[in-house]
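Working notes for the structure below.
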Amino acid sequence: MESVGVQESSSQNPDVANKGDKETKFVYPDSFYPKFLNEIKDQDVVLFFKYYISGVEINESLLDSFTSFIINEENSPLVEQILHSNLLKHYPTSKSNRIQVLKRIIARLSFQSIFNDTLFEALSNAIITKNDGGYSYRSFIDMKKGGVIVVRKMDALVTFGTTGMTCWRASAVLAEYISRFCDFDDKNLLELGAGCGLSGIAAAKYHNVKNLYFTDRSEQVLEQLNENIRINFPEESRNITIQKLDWDHFNEEELLVSPDIILGADLLYNENSFPGLCSALKKLLTKHDSYAIFAHNIRNRCTLETFFDVELARHNLKPKRICQALLPKDEKGIDFF
C-alpha cells in the first residue's frame, strides 16, 4: 500500500486567490446564498432554482411553474436573480444542462409568442461559456440553515478509469439525510469511496464533528476532494484529512483514526467489490457502538441482497450496523436539504 498522508492542493493559502500582481480574498459559497428565495411564494419555483443550480433533471411540471412565474413576474427582479444568480456565476453548472433547460423554457414561451430578454441573455451566456477542462459545479442549498455546499465534478460519468469524479445522486440523498436526521457532534467520521465528497462535506458543515476523513483509492479523486474542501471550508477551521485507501489492500494500523461512523454513497453497484468493501468495514468497525450509513441507488435488488444477505454474513457483520438510506422514486426527484 502506498504511504498515507494528507493531500495538499498547493503551497498557496487556499483562502487567497492570485490574479496577476493582485491578491484577492477567496469568497466562500455561503456568501452567495440566494436570499431572494425567501421572497418567492411558489415553492415549485424555489424547487426549480434548487434543481437548476444542483444540476438535477427538471421535470415538466417544474418547468411549467417557472414558465408561468416568468410570465406573471415579467417586471420583477426575481427572474433575473434566478437566472443570473451570483452563485451560478461563480460556480456554473454543466453547460449542456443549462442550455437544455433554458431552451425548454424558451420553447414554452415562444409557443405563447412571449420573448424574455433575461432568458435569452442567460442562454447566450451558457452557450459562450468555455468548457473548463470538462469540469462544472453543483450547488446545494440548505434553506433552514442558510448554507450552501458547492462541489466541483467532471461532466463525464467515467474519467481516469473511475466513476468517482462525478457527483452521484445517492451522495446528495445521503447529504440530505445527514443534514436532517443525524447527530455527529464530537464524532470521528470516515467516508469510503468519497468521490466528490458531498456527503462528508455536509457532515462537517452542519455538525460539530471531531474529525472527518475522506478516503478513496484514485489519485485524481483525491485531488478533486482537495479542491472541494478548499471551496467549502476556511483553512483555519478544518479538522479534515484526505487519505488514500484501497479496500482490497490496506492495513488498519495505517489508518489515522478509528472511526465512530462510516459513510458510503453509491458503493453497492458492483458485486466484485463487495468482498473488499466488507473486509474494510470489518477492519474499520472496531468500536462497540460504531456503525455505517450507506445510501445507494436501487439498480438491481439482487445485487443489494447479495451484499446484505451474503457478504455481510460472510464477514460476520450484523446488518443492524448498516443503515440503508434507500433512494425513493418520485417524479420530482429529491429535494436536497
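Since every read-out is calculated from the coordinates, none of them should be taken as a lab result. Keep in mind that what you see is a predicted model, and the values were worked out from it rather than measured. Note that we place each Cβ from the backbone using ideal geometry, even for glycine, and neighbour counts take in every protein chain shown.
Only bridges whose two residues both fall in the stretch 156-326 count here: according to DSSP, what percent of them are antiparallel, nearest 5?
That works out to approximately 5 percent antiparallel.
At 0.36 nm per residue, minus the direct Cα-Cα distance, what do M143 and T306 gain on full extension? Give it in nm, one decimal, please.
Extra length from M143 to T306 when fully extended: 54.9 nm.
How big is the charge dipole of the stretch 34-128 about its Cα centre, in debye rounded to the nearest 20, if each Lys and Arg gets +1 on its Cβ and each Asp and Glu gets -1 on its Cβ?
Dipole about the Cα centre, nearest 20: 360 debye.
Read phi for every residue in the stretch 276-293 and hand back ³J(HN,Hα) as whole Hz from Karplus 6.51 cos²θ - 1.76 cosθ + 1.60, θ = phi - 60°, with x for Gly and Pro.
These are the phi-based 3J(HN,Hα) values: x, 5, 5, 4, 5, 4, 4, 6, 8, 8, 9, 7, 5, 10, 6, 7, 10, 10 Hz.
Just check the stretch 201-260 against the gyration tensor rule for me: Cα atoms, a ≥ b ≥ c as the square roots of the eigenvalues, rounded for a/c under 1.5, and otherwise prolate or oblate depending on whether a/b exceeds b/c.
oblate
Please report F36, F49 as a ranked list, fewest other C-beta atoms within 10 angstrom at the top and most at the bottom.
F36, F49
In 5 Å bins starting at zero, report the fraction of Cα pairs in the stretch 156-326 per bin as a rounded %.
The percentages, shortest bin first, are 1, 9, 18, 23, 23, 16, 7, 2, 0, 0.
Sorting check: for 169-179, 308-318, which peptide has the highest mean count of neighbouring beta carbons within 10 Å, and how do the rest follow?
Ranked by mean Cβ neighbours within 10 Å, highest first: 169-179, 308-318.
Given the pairs K103/K153; K50/K210; K50/K103, which span a C-alpha to C-alpha distance of over 27 angstrom in this model?
K50/K210
What's the extension gain from D44 to V27 if we count 0.36 nm per residue and subtract their Cα-Cα distance?
3.2 nm
Which three extents, in whole angstrom, do the alpha-carbon atoms of the stretch 235-311 cover along their principal axes, largest first?
44, 25, 25
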